[in-house]
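The values are calculated or read from the model by the stated rules, or taken from the named source; none is laboratory data. Being a predicted model, the structure only gives us computed values, none of them experimental. All Cβ positions, glycine included, derive from the backbone under ideal geometry; neighbour counts span all protein chains shown. Quick note on the areas: whole protein, heavy atoms, side chains included, nothing else; ligands and nucleic acids left out. Shrake-Rupley method; radii C 1.70, N 1.55, O 1.52, S 1.80 Å.
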Amino acid sequence: MPARALSAATISFGLVSIPVKLYSAAESKSALAFNQIHKKDGARVKQQLISSRTGEVVPREEIVKGYEFAKDQYVLFEPEELKALEAAATHTIDIVEFLKAEQIERRYLDKVYYLGTEKGGARAYKLLAQVLVDTGRVALGKYAARGKQYLVMVRPMDNGLVMEQLHYPDELRAFGEVPIEDAAVKPAELKLATQLVEQAASDAFNPESYKDEVRERMLALIQRKVEGEDITLAPTAEPEHKIIDIMEALKASLAAGNSRKPAQAAEKKTAKPKAAAKKHATK
């Protein structure tokens, strides 16, 4: 099923305009939605908006938005006034500068959108994608939509372009605010920890080997409930928060990793004769 575009935009690259379409790069499936139900009659519960002063139910048509400029003091805005406050949705991705991708820290990344070609813009689209590949750079720009101006990065991916929405600096918390105790690392511990990392190291990222096991378990339990079966919480052991001997823990981890290696080695050994037999059969 072909992807459905979220919106259209135009990349402004010097005096070159590149019409594009925005597509969501991901679809979150981790959260399962539960409705609030009245246990007595099984009907869904509706929410009501209550005045914090009088306790009365307030009809939606009597509700306006307000900005709290002082404690419990609000300035009210009509819908037309809110539209005047919002940034004009130009739907233009204005390229401001070009940087090396590694110059932008990963913590700035917020969301990712795929950029597809729009009618009449394929040639300019391919030109920008190719020049970014050849120069090893990414484009930093501004994009106004949904009442806000976003800081974005356009970079090449596969045979096309993606737009990464970035956080502004004032939206990020300083890592220095996180309390971290100082501690000395012993050379022997570092050596064993390095061995543990190398033991579990892979040459490539294979995302298809990972899945949301918690979500699958929840869906299975929900299905059992739909079929009329009662579900109960299985007893789990409380996690132990105790001081451990790092050296012993590292040694045990390495031993656990090594115990899996013979099976892998056996698979490789059995694979070789098959390959040799195949080679012999083709002669």
**Request:** Can you tell me the dipole magnitude for the range 1-149 around its Cα centre, using point charges on the Cβ only (Lys, Arg +1; Asp, Glu -1), in Debye to the nearest 20?
**Result:** 660 debye
**Request:** Could you sort out which of K46/K225; K21/K65; K21/K100 sit more than 28 Å apart by Cα distance in this structure?
**Result:** K21/K65
**Semi-axis lengths, Å, the range 1-160, gyration tensor of Cα atoms, sqrt of 5 times eigenvalues** = 42, 22, 16
**Complete:** For R146 and Q199, extending 7 Å from Cα along the Cα-Cβ vector and measuring point to point gives, in nm, a value of 4.5 nm
**Message:** Please compute the per residue accessible area over the range 1-100 with all protein chains in place, 1.4 Å probe, rounded to a whole number of Å².
**Reply:** 87 Å²
